[in-house]
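Q: Structure below; questions to follow.
The values are calculated or read from the model by the stated rules, or taken from the named source; none is laboratory data. Because the structure is a prediction, the values reported are computed rather than measured. Using ideal geometry, Cβ is built from the backbone for each residue, glycine included, and neighbour counts are taken over all protein chains shown. These area figures cover heavy atoms from the full protein model, side chains too; ligands, DNA and RNA do not enter into them. Shrake-Rupley method; radii C 1.70, N 1.55, O 1.52, S 1.80 Å.
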Amino acid sequence: MAASPAAPSFGGMQHVTILRPAGATPEELRRTCAEHELPVADTSTATPLTGPFGQPRALEALEVAAAMPADGYNVFATGPAGTGMRTVLGDWLRQRAAARPTPPDAVLLHHFAEPLRPLAVSVPPGRGRALAADVDRLVEDARRALTRAFDSESYRTRHRAIHDDVDRRRTEVLTGLAQRAHHAGVEIELTPAGVMTVPVVAGRPLQPDEARAMPDVVRERYERAVAELGEPVDAAFAAVRELDRELDERHRELTHEVATFAIGHLVDEARARWSDVPRVAAWLAAVRDDIVEHLELFRATGEREEEDAGAAAVGIAPPTARRMAALVSRYVVNVLVSHEPGEPAPVIIATDPTYYDLFGRVEYETAFGAAVTDHRHLRAGILHQVSGGFLVLQAADVLSTPFAWARLKDVLRTGRLKIENVAVQYMLFPGVTLDPEPAEIDVTVVLVAPAELYELLHELDDDVPRLFKLRADFDDEMPRDVAAIAAYAGLLARVAAERGLLPFDRGAMAAVVEHGSRLVGHRDRLSTRTRDIGDLATESAQIAVAEPATAVGARHVAAALRARRRRADLVEERLRRATLEGTRVIEVDGGVIGQVNGLAVLQLGDHEFGHPIRITATVAPGEGEVVDIDREARLSGPVHAKGVLILSGFLAGRYFPDRPMTLRASIVFEQSYGPVEGDSASTAELLALLSALAGLPADQSIAVTGAVDQRGAIHAVGGINEKVEGFFDLCAARGLTGRQGVIVPRANLPHLMLDRRVVDAVRDGRFTVWPVSTVDDALVLITGDARADERVRERLERLSEAAHAAQAARLGTADGHG
């Protein structure tokens, strides 16, 4: 094993020194990407990435969702932000949608039997607008055909014949009645108020004054005659009324026959064109019947034309025109959703939709001061538009929109969606509104959410496991292999093409690959955070353009990373400056008993950095208590508290297996005024405690990180690169001596992707990174004494003896007083 110079003796204490072992090699500290690993010379010759990016697990779930015909196979897509979930989902779903048949068009039709309940009808793709045009043309053709039919001589002749026949028969009835009355000495006159009888004397009707002066005999005879005529008069007028009804009925039959003949062939032709859609064919028959039922509005008479002219003169809509417009509106086809034949199934990625954006809305118009609506004012929602395809939604958007979550689940459960004004349900006095027939909806919904939100919903909402049976879990990392490196080249090619950037040469692509490993903190993994990679590419290209350069190189990527860090490192710089000025006391040389440089990580927004923190420990005789001062001050989180308790377990298990612990120790993070969390400082805390017990100074040129267990094994921690670099930067600012370095868990070696400035210093022998597996290795390193553990035991024996002596003294004093 290679070795460095012997460790010095600190604080004047004589102790055995040993040679320091060699640290990790530069190759172990950073995995570089050789240019020959890149599949192309630059991104201009690379094929832009079009498919998914390192998400096999998520795509497997999506494949099941796309192929599964059963209900409930909707998807919850979970994963960290920045992995391009929506982009991946959009690209992949569009590929799958291209293989699906074009969904049908959706139209709304007036319901002639129930006007407030419009009909929701599906028609073959591309034919929704054709139906609307067909019906518009049918109505216009019908108006012209009816005008011609009722203006024809044939119609007028038949109309006159009917009237002449009825008039003749009415005359016969009334003539017979008049003759009978005349023979009885009474004349009958028909008035608007009814039947009037007049006495007849000497063949002449009497005048009113003469009738009043009639002799009683004549009056009596007249009244008897009138009484005798009562039944014949009633019979005659019943016959007249029946003739009037017959006239109306025969007139209706004539107009119906003429109208049906005039427009029947038009409707039949239209129905033939729509014979493959039975509901449309049936509705067209209803249109024919409704037109015939409202013939009077298709046949404006001169009287109505005069009425309309008078209304128009005073600036209001003519009554006939209004009635005609209302009638014709019944025949308008509201095309909710229209597709072109052969187009792929729809894919919609909705961003922050409202309730009505999702489920459709009822619109209103004002007429004579009132809000009115009909089937023409129903508007499709996103779910109507995406039926037959895929819908991607942010779960948080749906959950934060009132009523949307419950309604979405109802649509997925029933496969039906009715357009409604949800506010009507909560009105104190709801008015009349539309109640349209629900439309059939066939959609696969993909909800995008953080994993925590999915887990919460899955636990609290029983509908989630029933309606969202698939979870597409997006990962923020993927294996760093040949395929992944090629995917990075394709991703950079796509970003360059989309954003109009310079091409990236092999050096730049390799630098981005290395940064991808740095993002996930693992030498054998690459980040799938396409947003971060795309942003770095854009910033690097901007630097190359400003240079100017013809391609983006490794130096431009490095400059972009430095600039990015510089923009975000204000707090880091202030913290380091406070340390250099002595405001924060951190030593990087010499030795101090019971003091170790631990390493902490701070994250401020998207900037994460490490910095050393001074950990001190004191020991004294006691009853086995290890006091965490941060915990006592309520600055310690539960994980950190657990780490300190593990220290007690380690001490008891190693040094006091068969007897009570006889020491009192206290541990604290010096000059720490905020919350302390995590167990990554537990190794440093234990080393500070052991240094205090052994009476051996801890080397301040070494910083320590790692989580320790009760058996003394050191385990991996997070933020390892930032921690090493944080201590390195402080040492570099004070001057690298060649003795400085960091103790890290050996288990963290795969996670090391240190900045090149650290790797270069290690290569030059100016800095060292020591991977260790046990606290014994770390203790020897930081104290420089191979007998450190023995010294700890000796000190604990003395503490035990002192504790026993103190106890005996207390017992003796108690006996003496007794």
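Q: Got at least one residue in region 336-345 being open to solvent by 80 Å² or more (accessible area, probe 1.4 Å), within 27 Å of Gly388 (Cβ to Cβ), modelled with pLDDT of 90 or more and not β-branched (Val, Ile, Thr)? Explain how you work it out, then say what you get.
A: Here is the first cut: in region 336-345, the residues open to solvent by 80 Å² or more (accessible area, probe 1.4 Å) are 340-341.
From what is left, the residues that are within 27 Å of Gly388 (Cβ to Cβ) are 340-341.
With the extra rule that they be modelled with pLDDT of 90 or more, the set shrinks to 340-341.
Filter once more, so that each one left must be not β-branched (Val, Ile, Thr): 340-341.
The answer is yes, given that some residue of region 336-345 is open to solvent by 80 Å² or more (accessible area, probe 1.4 Å), within 27 Å of Gly388 (Cβ to Cβ), modelled with pLDDT of 90 or more and not β-branched (Val, Ile, Thr).
Q: Restricting attention to region 588-642, and to residues there that are of a type in the set (Asp, Glu) and either in a strand (DSSP E or B) or at pLDDT 80 or above (or both), which single residue is surrounded by the most Cβ atoms within 10 Å (Cβ to Cβ)?
A: Residues of region 588-642 of a type in the set (Asp, Glu): 589, 606, 608, 623, 625, 628, 630, 632.
From what's left, either in a strand (DSSP E or B) or at pLDDT 80 or above (or both): 589, 606, 608, 625, 628.
Details: Asp589: 13, Asp606: 9, Glu608: 15, Glu625: 11, Asp628: 23.
Restricting to residues being of a type in the set (Asp, Glu) and either in a strand (DSSP E or B) or at pLDDT 80 or above (or both), the top hit is Asp628.
Q: Scanning region 767-797 for residues that are open to solvent by 10 Å² or more (accessible area, probe 1.4 Å) and hydrophobic (A, V, I, L, M, F, W, C), which turns out nearest to Leu690 (Cα to Cα)? Spell out the reasoning first.
A: Residues of region 767-797 open to solvent by 10 Å² or more (accessible area, probe 1.4 Å): 768, 771, 773-774, 776-777, 780-781, 786-787, 789-791, 793-795, 797.
Now drop any that are not hydrophobic (A, V, I, L, M, F, W, C), which leaves 780-781, 786.
Working: Val780: 11, Leu781: 13, Ala786: 13 Å.
In this case the residue turns out to be Val780.
Q: Among the β-branched types (Val, Ile, Thr) and in contact with a Pro (Cβ under 7 Å, 6 or more places away or on another chain): is that true of Val792 in this structure? Steps first, please.
A: Working: among the β-branched types (Val, Ile, Thr): yes; in contact with a Pro (Cβ under 7 Å, 6 or more places away or on another chain): no.
Here the answer is no, as Val792 does not meet what is asked.
Q: Considering only residues that are at negative phi, part of a loop (DSSP other than H, G, I, E, B) and open to solvent by 20 Å² or more (accessible area, probe 1.4 Å), which ones fall in region 528-586? So that I can check it myself, show each step before the final result.
A: Start the filter on region 528-586 by keeping residues that are at negative phi, which leaves 528-581, 583-586.
Restricting the remaining residues to those that are part of a loop (DSSP other than H, G, I, E, B) gives 528-529, 547-551, 553, 569, 581, 583-586.
Listed by number, the residues that qualify are Arg529, Glu547, Pro548, Ala549, Thr550, Ala551, Asp569, Glu581, Thr583, Arg584, Val585.
Q: Being assigned to a helix (DSSP H, G or I), among the small types (Gly, Ala, Ser) and open to solvent by less than 40 Å² (accessible area, probe 1.4 Å): is that true of Ala106 here?
A: Numbers: assigned to a helix (DSSP H, G or I): no; among the small types (Gly, Ala, Ser): yes; open to solvent by less than 40 Å² (accessible area, probe 1.4 Å): yes.
The answer is no for Ala106.
Q: In region 35-63, which residues are part of a helix (DSSP H, G or I) and under 23 Å from the mean Cα position of the chain (by Cα)? First the steps, then the outcome.
A: Going through region 35-63, the residues part of a helix (DSSP H, G or I) turn out to be 35-37, 43-45, 56-63.
The answer is Pro56, Arg57, Ala58, Leu59, Glu60, Ala61, Leu62, Glu63.
Q: Related question: Report, by residue number, each residue of region 269-291 that is open to solvent by 20 Å² or more (accessible area, probe 1.4 Å), under 27 Å from Arg117 (Cβ atoms) and part of a helix (DSSP H, G or I). Don't jump to the end; show me each part of the working.
A: As a first pass, look at region 269-291 and keep what is open to solvent by 20 Å² or more (accessible area, probe 1.4 Å): 269, 271-273, 275-276, 278-279, 282, 286, 288-289.
Restricting the remaining residues to those that are under 27 Å from Arg117 (Cβ atoms) gives 271, 273, 275-276, 278-279, 282, 286, 288-289.
Correct list: Arg271, Arg273, Pro278, Arg279, Ala282, Ala286, Arg288, Asp289.
Q: Give region 117-151 a look and list any residue that's small (Gly, Ala, Ser) and either in contact (Cβ under 8 Å) with a residue 40 or more places away in the chain or surrounded by 20 or more Cβ atoms within 10 Å (Cβ to Cβ) (or both), or say none. Can you show your working first?
A: Narrowing region 117-151 to residues small (Gly, Ala, Ser): 120, 122, 126, 128, 130, 132-133, 142, 145, 149.
Ala120, Ser122, Gly126, Gly128, Ala132, Ala142, Ala145, Ala149, listed by residue number.
Q: Could you please let me know if Thr50 is open to solvent by less than 70 Å² (accessible area, probe 1.4 Å) and within 20 Å of Arg529 (Cβ to Cβ)? Working first, answer last.
A: Working: open to solvent by less than 70 Å² (accessible area, probe 1.4 Å): no; within 20 Å of Arg529 (Cβ to Cβ): yes.
When the stated conditions are applied, Thr50 does not pass them.
Q: Now for a different question. Looking at Ala486, Ala511, can you tell me which residue is buried (at least 23 other Cβ atoms within 10 Å of the Cβ) and of a type in the set (Gly, Ala, Ser)? Let's see the steps before the verdict.
A: Working: Ala486 fails: buried (at least 23 other Cβ atoms within 10 Å of the Cβ).
The match here is Ala511.
Q: Any idea how many residues of region 702-730 are surrounded by 24 or more Cβ atoms within 10 Å (Cβ to Cβ) and more than 45 Å from the chain's Cα centre (by Cα)?
A: So the count comes out to 2.
Q: Please identify the pairs in which a residue from region 28-51 that is more than 19 Å from Pro479 (Cβ to Cβ) has its Cβ atom under 8 Å from the Cβ atom of a residue that is among the acidic types (Asp, Glu) and open to solvent by less than 60 Å² (accessible area, probe 1.4 Å), counting only partners at least 6 apart or on another chain.
A: Ala41/Asp505; Asp42/Asp505; Thr50/Asp91
Q: Now for a different question. Out of region 489-508, which residues are crowded, with 22+ Cβ neighbours inside 10 Å and either on the phi > 0 side of the Ramachandran plot or charged (D, E, K, R) (or both)?
A: Asp505, Arg506
Q: Starting from residues that are out of contact with any Ser or Thr (no Cβ under 7 Å at 6 or more places or on another chain) and touching a residue at least 24 places away in the same chain (Cβ under 8 Å), keep the ones in region 577-595 and report whichever is farthest from Leu693 (Cα to Cα).
A: Restricting attention to region 577-595, the residues satisfying the condition of being out of contact with any Ser or Thr (no Cβ under 7 Å at 6 or more places or on another chain) are 577-585, 587, 590-592.
Going one step further and asking which of them are touching a residue at least 24 places away in the same chain (Cβ under 8 Å), we end up with 579-580, 584-585, 587, 590-592.
On the way: Thr579: 28, Leu580: 30, Arg584: 26, Val585: 23, Glu587: 21, Gly590: 19, Gly591: 15, Val592: 13 Å.
Only one residue tops the list, namely Leu580.
Q: Could you check region 738-748 and list, in sequence order, the residues that are under 18 Å from Val596 (Cα atoms) and assigned to a loop (DSSP other than H, G, I, E, B)? Walk me through how you get there before you give the answer.
A: The initial filter retains those residues of region 738-748 that are under 18 Å from Val596 (Cα atoms), namely 739-745.
Arg739, Gln740 - these are the residues of region 738-748 that are under 18 Å from Val596 (Cα atoms) and assigned to a loop (DSSP other than H, G, I, E, B).
Q: Could you check how many residues of region 657-676 are surrounded by 16 or more Cβ atoms within 10 Å (Cβ to Cβ) and assigned to a loop (DSSP other than H, G, I, E, B)? Can you show your working first?
A: Our first condition is that a residue be surrounded by 16 or more Cβ atoms within 10 Å (Cβ to Cβ); within region 657-676, this holds for 661-669, 672, 676.
Applying the additional criterion that residues be assigned to a loop (DSSP other than H, G, I, E, B) yields 661-663, 672.
Residues flagged as surrounded by 16 or more Cβ atoms within 10 Å (Cβ to Cβ) and assigned to a loop (DSSP other than H, G, I, E, B) within region 657-676 amount to 4.
Q: For region 66-96, how many residues are surrounded by fewer than 21 Cβ atoms within 10 Å (Cβ to Cβ) and either hydroxyl-bearing (Ser, Thr, Tyr) or in a helix (DSSP H, G or I) (or both)?
A: Initially, region 66-96 is screened for residues surrounded by fewer than 21 Cβ atoms within 10 Å (Cβ to Cβ), giving 66-73, 80-82, 86-87, 90-91, 94-96.
Now drop any that are not either hydroxyl-bearing (Ser, Thr, Tyr) or in a helix (DSSP H, G or I) (or both), which leaves 66-67, 73, 86-87, 90-91, 94-96.
The qualifying residues number 10.
So that you can scan it fast, the table gives a plain yes or no per residue for (1) touching a Gly at 6+ places or on another chain (Cβ under 6 Å); (2) assigned to a helix (DSSP H, G or I); (3) hydrophobic (A, V, I, L, M, F, W, C); (4) under 20 Å from Asp374 (Cβ atoms):
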position	(1), (2), (3), (4)
Leu116	no, no, yes, yes
Val121	no, no, yes, yes
Ala130	no, yes, yes, no
Asp164	no, yes, no, no
Val173	no, yes, yes, no
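Q: Can you go through Thr50, Thr87 and tell me which one is closer than 30 Å to Val464 by Cβ and either basic (Lys, Arg) or modelled with pLDDT under 90 (or both)?
A: Working: Thr50 fails: closer than 30 Å to Val464 by Cβ.
Only one candidate qualifies: Thr87.
Q: To continue, here is another question. Are any of the residues in region 743-753 among the small types (Gly, Ala, Ser) and touching a helix residue (DSSP H, G or I) at 6+ places or on another chain (Cβ under 8 Å)? Before you say what the answer is, go through the steps one by one.
A: Pass one, region 743-753, residues among the small types (Gly, Ala, Ser): 747.
Next, only the ones that are touching a helix residue (DSSP H, G or I) at 6+ places or on another chain (Cβ under 8 Å) stay: none.
Looking for residues that are among the small types (Gly, Ala, Ser) and touching a helix residue (DSSP H, G or I) at 6+ places or on another chain (Cβ under 8 Å), one finds none in region 743-753, hence no.
Residues are listed down the side, and each one gets a yes or a no for (1) over 30 Å from Leu754 (Cα atoms); (2) without any contact (Cβ under 8 Å) to a residue 60 or more places away in the chain:
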position: Thr433; (1), (2): yes, no
position: Asp481; (1), (2): no, yes
position: Met509; (1), (2): no, no
position: Val513; (1), (2): no, no
position: Arg518; (1), (2): no, no
position: Thr528; (1), (2): no, no
position: Arg531; (1), (2): no, no
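Q: Shifting gears a bit: From (1) open to solvent by 10 Å² or more (accessible area, probe 1.4 Å); (2) in contact (Cβ under 8 Å) with a residue 40 or more places away in the chain, pick out the condition that doesn't hold for Asp764.
A: Only one criterion is unmet by Asp764, namely (2).
Q: Does region 371-398 hold any residues that are surrounded by 17 or more Cβ atoms within 10 Å (Cβ to Cβ) and among the hydrophobic types (A, V, I, L, M, F, W, C), and which are they?
A: Once the filter is applied, which keeps residues that are surrounded by 17 or more Cβ atoms within 10 Å (Cβ to Cβ) and among the hydrophobic types (A, V, I, L, M, F, W, C), region 371-398 yields Leu378, Ala380, Ile382, Leu383, Val386, Phe390, Leu391, Val392, Leu393, Ala395, Val398.
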